[in-house]
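What follows is a set of notes on a single structure, which appears directly below.
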Amino acid sequence: MAYVDIPREISSKEILENGCNLSSNAYKKLLMKNKNFKTLGELLIRNLERSDLGIEVGSLSYVPNSAFKFMRAKALQRYSFLPEITDESLLCILPQSFVNMDLKEGDVIISKDSNIGEVIILEKDYPNTMLSGAMYKLPLAHHKYYILAMIKHRIFREQLDFIVPKGATIRHARQLFLECKIPFPNFNAKQSIEFIETLAKSIIYKEKLIKERHTKILKLIESELLENQKPNVFKYAYPTFAELQESGRLDTGIYCEEFKKIDFLIKNYNRGIFYINENNIKSGATPTRRFIGKEYFLPYQWITPSHCSDYGTIKERERINFLGNPNITQDCILLINRGQGKDCGKSIFYSFKDLRMGQHNQGMYRIIKYPKTQMLFILCFLMQNFMRRYCSFLSLGSKMKELKIEHFLRIPFPNFPKNLQE
């Protein structure tokens, strides 16, 4: 459903009334049959104040380690109700640059610049953390989760899209987002609002649970690996001529001490290791003739590296139609094979029962014909921080890093007991 009307023609009177503005955005109109609405500004319990706006600290304040953090607008993503915390979205800063914004669980944060209109809610207190100048903390009290859900909805984004002028580079919404209309139900208002808030809270709870379990899984894997080592002791040595011949590579990544230490820890696991079988890994493809979109009538799921989250899940859905047969016809895990070094080897689980047939592009390999538990274990193991570094060292390329099938085949996986894998 479209929420914005784009007129095919305009009158000279309209042009004069708009100060002779010839931008097409100036003549777009919101299509909203429901007349029961309030602007976002009217729903705030008070006007926005200077203390609600984040502050830019400048790149000179960034440091490798610090107890004080700086949250950037990259933490606000369309696919998530919670902040997306990565090395790029949450940075360490100098203590003297820090300004206390008292970020608490339940605070709603909106972006006014760059990814304008993106919104999240904090799932916990963020002590010693400040917001960048691109974000506001919204003073909301009544129907907070309903308002959050409506800001996430397309109707809010499409309004903001024509209210905020398109800039040459980064767009700046200032406080124009406060003019966007939030519709309210005409009938059974109380029940409808409560139902939407319940759904929003459910999404937030599940996202929070995914992050908590992800952390727990990583700790379990690391503990099992470190606590069950053979008595051998790691000793670093420079590569021999035989090693160079065997690998056929002169780059230093796979010969550095950190890579060799991780490799040693896995291979020194006292219950042994296993490798991916070359018959169980397949490449992907982008169909030559295709139609890709969000429409549900398109027959297949479309999966690329950009659809993958850091938690082994699909963060955004797209569909595809094309000539030919889809390459995903069963449960599998999809491995990213190119991107930034830390992205190579990252994987997601594709549940055939839930998603049915799909197609993945050449930026990913799929692993098939393993028991579901073992596939999920491979995924979880590759999510480990030390495995992200391992795969980064293993990858090839100066700009776009890449792991080929032969590289995935040489990654060792510890043969954890079945009950622990489960």
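At-a-glance table
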read-out	value
Fluctuation leader among Gly133, Gly345, Gly312 - the chain, Gaussian network, Cα springs under 10 angstrom	Gly133
Candidates Arg366, Arg72, Arg410: whichever shows maximal mean-square fluctuation once the chain is modelled as a Gaussian network with Cα springs under 10 Å	Arg410
Cα-centre dipole for the stretch 85-237 with unit charges at Cβ (Lys and Arg positive, Asp and Glu negative), debye to 20	220 debye
Scattering curve values for the stretch 244-338, log₁₀ I(q)/I(0), Debye with Cα scatterers, q = 0.11, 0.12, 0.16, 0.23 Å⁻¹	-0.56, -0.64, -0.91, -1.31
Shape of the stretch 134-287, Cα gyration tensor, a/c cut at 1.5	prolate
Cα convex hull of the stretch 264-310, projected area averaged across orientations, nm²	6.5 nm²
Over the chain, volume per residue of the alpha carbon convex hull, in Å³	203 Å³
Surface per residue (accessible, 1.4 Å probe) for the stretch 1-121, Å²	59 Å²
Charge context of Lys206, other residues only, Cβ under 12 angstrom, K/R +1, D/E -1	+1
Nearest-ten-degree value, helix 257-267 long axis tilted from longest Cα axis of the chain	70 degrees
Computed magnitude of the charge dipole of the stretch 1-153 (debye, nearest 20; Cβ of K, R +1, Cβ of D, E -1)	500 debye
Of all DSSP beta bridges in the stretch 293-419, antiparallel share, percent nearest 5	85 percent
Viscosity 1.306 mPa s, 10 °C: Kirkwood-radius Stokes-Einstein D of the stretch 55-150 over Cα pairs, µm²/s	117 µm²/s
Accessible surface of the stretch 352-422 [probe 1.4 Å, protein heavy atoms]: carbon and sulfur percent	51 percent
Positive-end extreme of charge dipole, the chain - chosen from Ile328, Pro305, Thr198 (charges on Cβ)	Ile328
Accessible surface, the stretch 166-261, averaged per residue in Å² (probe 1.4 Å)	72 Å²
Too-long pairs where the Cα-Cα distance tops 28 Å, listed order kept, from Lys104/Lys372; Lys33/Lys353; Lys260/Lys353; Lys112/Lys353; Lys28/Lys124; Lys137/Lys211	Lys104/Lys372; Lys33/Lys353; Lys260/Lys353; Lys112/Lys353; Lys28/Lys124
Nonlocal amide H pairs with Met364, under 5 Å, H built at 1.01 Å	Gly284, Asn337
On Cα atoms only, tilt of 385-394 relative to the major axis of the chain in degrees	70 degrees
Relative contact order (%) - the stretch 68-146, alpha-carbon pairs under 8 angstrom, separation at least six	35 percent
Amide H contacts under 5 Å for Met130, placed H, 5+ residues apart	Lys69, Phe70, Met71
Separation between Cα centres of the stretch 180-200 and the stretch 66-90, rounded to whole Å	29 Å
Cα→Cβ-extended label distance, 7 Å offset, between Asn279 and Glu224, nm	2.6 nm
Of the GluC sites (Glu not before Pro) in the stretch 254-346, those whose Cβ has at most 15 other Cβ within 10 Å and which sit in DSSP loop	Glu295, Glu316
Per-residue ³J(HN,Hα) for the stretch 59-65, Karplus 6.51 cos²θ - 1.76 cosθ + 1.60, θ = phi - 60°, Hz, x for Gly and Pro	5, 5, 8, 6, 9, x, 9
0 to 90° range, to nearest 10: angle between helix 372-382 axis and the chain longest Cα axis	90 degrees
Average projected area [Cα convex hull, the stretch 197-306], square nanometres	13.2 nm²
Candidates Ile262, Ile367, Ile121: whichever shows maximal mean-square fluctuation once the chain is modelled as a Gaussian network with Cα springs under 10 Å	Ile262
Estimated vicinal HN-Hα couplings, Hz - the stretch 395-404 in sequence order (Karplus 6.51, -1.76, 1.60; Gly, Pro = x)	6, 10, x, 8, 9, 7, 6, 8, 10, 8
Cα radius of gyration and Dmax for the stretch 266-422 (Å)	15.7, 51
Amide H contacts of Asp107 (H built 1.01 Å from N, under 5 Å, at least 5 apart or other chain)	Leu122
Karplus-derived 3J(HN,Hα), 6.51/-1.76/1.60, for each residue of the stretch 231-243, Hz, glycine and proline x	x, 4, 10, 6, 9, 7, 9, 5, x, 8, 4, 5, 4
Separation of alpha-carbon centers, the stretch 247-290 and the stretch 331-380, rounded to whole Å	15 Å
Relative contact order (%) - criterion: Cα under 8 Å, at least six apart; region: the stretch 32-171	27 percent
Exposed chymotrypsin sites (Phe, Trp or Tyr not before Pro) absent: longest stretch of the chain, with sites in DSSP loops and at most 10 other Cβ within 10 Å deemed exposed	1-186
Hydrodynamic radius by Kirkwood, which averages 1/r over all alpha carbon pairs of the stretch 1-121, in angstrom	18.2 Å
Charged-residue dipole, Cβ positions (Lys, Arg, Asp, Glu), the chain about Cα centre, Debye nearest 20	780 debye
Ellipsoid equivalent to the stretch 1-63 - semi-axes via the Cα gyration tensor, in Å	36, 21, 14
The stretch 99-249 - percent relative contact order, Cα under 8 Å, separation 6 or more	20 percent
Efficiency of FRET from Cβ geometry, Tyr3 and Arg290, R₀ 35 Å, rounded to 0.05	0.80
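The values are calculated or read from the model by the stated rules, or taken from the named source; none is laboratory data. Nothing here was measured: the structure is a model prediction, and the numbers come from that model. Quick reminder, even Gly has a Cβ in these numbers, built from the backbone with ideal geometry, and neighbours come from all protein chains shown. The protein model used for the area step is the full one, side chains on, heavy atoms only, and it has no ligands, DNA or RNA in it. Shrake-Rupley method; radii C 1.70, N 1.55, O 1.52, S 1.80 Å.
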